[in-house]
Structures are given as structure tokens and as C-alpha cells.
1. Among all residue pairs at least 6 apart or on different chains, which show Cβ distances below 6 Å where the first residue, located in the range 241-252, is modelled with pLDDT of 95 or more and the second is of a type in the set (Lys, Arg) and surrounded by 19 or more Cβ atoms within 10 Å (Cβ to Cβ)?
2. Please enumerate the residues belonging to the range 236-274 that are in contact with a Gly (Cβ under 8 Å, 6 or more places away or on another chain) and either in a strand (DSSP E or B) or surrounded by fewer than 18 Cβ atoms within 10 Å (Cβ to Cβ) (or both).
3. Out of the residues in the range 191-221 that are crowded, with 19+ Cβ neighbours inside 10 Å and either under 20 Å from ILE134 (Cα atoms) or of a type in the set (Gly, Ala, Ser) (or both), state the one that is modelled with the highest pLDDT.
4. Filter the range 87-106 down to residues that are part of a strand (DSSP E or B) and among the charged types (D, E, K, R) and give me whichever is nearest to GLN67 (Cα to Cα).
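The values are calculated or read from the model by the stated rules, or taken from the named source; none is laboratory data. Predicted model, so just to flag it, every value in this text is computed and none were measured. Cβ coordinates were reconstructed from backbone atoms using ideal geometry, including for glycine residues, and neighbour counts include every protein chain displayed.
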Amino acid sequence: MLTAVRTALLPLFVLSVSFPASVIAEEAETFRLEYQFEIGDVVRYSEQQNAVVLTKKGGASEKTKQQSITEKHFKVLDVSDSGEARLQLTIDRTVMAASFNGAEPLRFDSESEETVPAVYESVAKTIGKPLAEITVRPDGTYVSGHALLTEDEIKSIGSGETGGDAISRNILIPLPTDAIQIGDDWDEQYQVSVSVGKNLSKNIKCIRKFQLKSVDNNIATIQMRTALLTPVRDPAILMQLVQRLPAGTIEFDLEQGQIIKRELDSDRTEFGWSGSDSSIRAVTRRVETLVTDHRPDSANQSNG
């Protein structure tokens, strides 16, 4: 039973506010958060993820540790007169490791010539290949898109989110359509797919809530938290959601028009997924950082 849980979890690796008087005095100041896309831009990110999952059933327990470092990018293929951008998404490299109950970690490096462990074979097939092309508006709203991978390849790197905009949510967040003040908030709704039986699945509605916390030197700090909209009481379903409801902060560069850092954490425990004597706790952390300026090389342009 614990082995089945381990297998299911392995691929998962994507308010009241008070202000000081000085801030209140400046509350009329507004900020426009908007992505900036230019044809030929390549925006690169480095992402680190860590997860520790402890499952218990009766007197048995299993502790799983997972780590990954991923280098990925999106390229701007086209920008319309209205500002809609067509983006191509690619994972360039990944290094992954998983250990069970303190045993020697199972490792995979997409740049290594060593034999790929069976559990990572599907992931290995996606490295260096465009994942999808999507079209988004300057506020990050998904317009259209299509996958460039097979269904099995998509599942191997997916988060369980459904809908055509699922991939776009892995690299962008929605932004307000109008200028906002510090303390303003906005949200987006989406769905995740969970298993409810052999070959059967169900969509669960979720919501991501965002709030502008501060702006300093053109860097906007945004707070994000995730919650369920669909009432869920089935422990077997809650177990599948244990890593999918993170909270954290996002830093957005107003001048560059890009996310420069994203830090998301989750620490959740669910009981009863396999009887009253069962439990699962998952502690996860994801840190994503912009690693290069997204603008084309101006020196090369000037020399051309």
C-alpha cells in the first residue's frame, strides 16, 4: 500500500492587512503590473524543488525525499499588435534524486550518459524538446495553445492541473488588468484532476489568491496562497492534493515585465487515506529564479 502511494507521489515535483502611517499617506500611488514580450526574447529560469513525504499505515511508515533542479526557458515567437504573445516552452536540463527510508538515492541527470532509471524514462524523453506553444495577453491571461508532446510525456511532467492553460500557469501568474495599489488583491480559478477509482478521475476546483504587498526599486512583491473551492471530505482525494496547495511570494520586475523570483512552500498533513490508522504529511518547497535578462543581446545587435 505504501509503495503504491510512493509511486503516485514521485512525479509530483509545477487577509487582513495593517499599514504604517507612512504607507497610508501614499496609498494613492498605483502600479501597473504587465508582462513585456518582444519577438526573439528568451526568458530562462532555474528551479529547485524539495519534498519530504512521510506516509504511515498502522505500524508501518515510509519516508520519501525528492529533490530536483530544473533549467527551463520560454521563447517569444510572435507578438501581435494587441500585445498577445506566442510563447514556446522548453525544459533544457533536469537533475533529480529520490530516496526511500534513507536508502541510497535514485538519481537522474539529463546530461549524464548513464542509463536512465526506469521511473525517470518518461521525463528524460521531454528534455530539450518544446513542450507546448501558448498565446497569452500582457496580463498573463491564457488565450490559446497546444501541446507539442505526447499525452504520456505530458503526464510525466504534469502537476495534475487540467485545461489548456495548465502549462502557462507553470511559468506565469495572472496579473491585474488595471493599475493597483499596495494591498489590492486578485485571483484565478483552475482545476486539478484526481483519481477516484481505476481509470476514473474527477476535477477539483481550486483558487489562487494574490495580493500586492510592496513595491521597492521597481520590484513588486506579491503574496500568493492556494485554496480548494470544491468541498472535499474524502481522505483518499485529500491525500492526492497534499502537495498541490502551496503559498508563498513572487517578485515581479515592473521594468523588465517578468517574474524574477518565486518561492512557494507547503506543509500539509492528511489522515485516513487508507483507514483510520493511516496518515500522510508532505513538506515541499519550490524556488524559481530568473537567470538571464530576457532581452536580446544588444551588443550583438549593434554589431550587426
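1. Partner pairs satisfying both residue conditions: ILE250/ARG262.
2. So the first thing to find is which residues in the range 236-274 are in contact with a Gly (Cβ under 8 Å, 6 or more places away or on another chain), and the list is 240, 244, 262-265.
Listed by number, the residues that qualify are ARG262, GLU263, LEU264, ASP265.
3. Selected residue: ALA220.
4. We begin by selecting, within the range 87-106, every residue part of a strand (DSSP E or B); these are 87-100, 106.
Checking which are among the charged types (D, E, K, R) leaves us with 92-93.
On the way: ASP92: 17, ARG93: 14 Å.
Selected residue: ARG93.
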